[in-house]
């Protein structure tokens, strides 16, 4: 199956009100052409699930600055002053999630895990509204899986079947997010032929990827 498509065709799949996972850590590993395309299209009321809020001019920060995000789920937002202002004014809902919990919730969403227990956040605001379970005298929070309508990823190399290889730190959240969305779209720097990627170096198998866009 050839999953290669154009940037325009892929971005036309994004609609108002969707939940979108975006790979990256401080915008490293974020598919910037996808962010630019979404800004140009003006899709709105988005729920963005990303490690952070990017910068005002990089990563998901472009969408935030353009007023397209109604709900941000992230581990920190300190690199983007605009995100803090929107959160404090109530213009954008922000859920701050401990980073390890964030990663595991995404992994749980991708691999059919119904939830998991963690001591992280017990006795803090993180625990508000969550079930506390005591095991062997220790309290744990029940954390639920995290999924999205779409995942937007950035890889170094891909093939027409959707197999992906990342470089260095850009692996970050791209790998777990690939499995946790209904539709996964990957931007690649290089497009190999089918069979051109050694199976031993594949980070994301093509079974998790719906579309590939050559960057």
Label point 7 Å beyond Cα of residue 201 along Cβ direction - residues of the stretch 161-179 with amide nitrogen under 14 Å: 164-168
Inter-probe distance in nm under a simple model that places probes 7 Å from Cα toward Cβ, at residue 182 and residue 133: 2.8 nm
Most mobile of 172, 88, 80 in a GNM of the chain (Cα contacts under 10 Å): 88
Max mean-square fluctuation residue, GNM over the chain, Cα-Cα springs under 10 Å, options 64, 133, 14: 133
Residue 117 paired with residue 214, simple spin-label distance in nm, labels 7 Å along Cα-to-beta-carbon: 5.2 nm
Structure-derived Cα Rg over 2.2 N^0.38 Å: which label, when the choices are (1) 1.03; (2) 1.48; (3) 1.07: (1)
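Rounded to the nearest 0.05, what FRET efficiency is calculated for residue 144 and residue 15 with R0 set to 30 Å and r the Cβ-Cβ distance? Before the final figure, lay out each step's value.
On the way: r = 25 Å, r/R0 = 0.82.
With R0 = 30 Å, the Cβ-Cβ based efficiency is 0.75.
From the helices alone, meaning DSSP H stretches of at least four residues, give me the mean residue ellipticity at 222 nm for the chain, per-run term -39500 (n - 2.57), in deg cm²/dmol to the nearest 500.
Numbers: 6 runs with 45 residues, N = 215.
Helices in the chain give a 222 nm mean residue ellipticity of -5500 deg cm²/dmol.
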Acute angle (nearest 10 degrees) that the helix 99-110 long axis makes with the longest principal axis of the chain, alpha-carbon atoms: 60 degrees
Between 0 and 90°, nearest 10: helix 32-41 axis offset from the chain longest Cα axis: 80 degrees
Fluctuation leader among 17, 123, 137 - the chain, Gaussian network, Cα springs under 10 angstrom: 137
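Each reported figure results from applying straightforward, stated rules to the coordinates on display, with no laboratory input. No experiment lies behind these values; they were computed from the predicted model shown. Don't worry about glycine lacking a Cβ; one is built from the backbone with ideal geometry, like all the others, and counts go over all protein chains shown.
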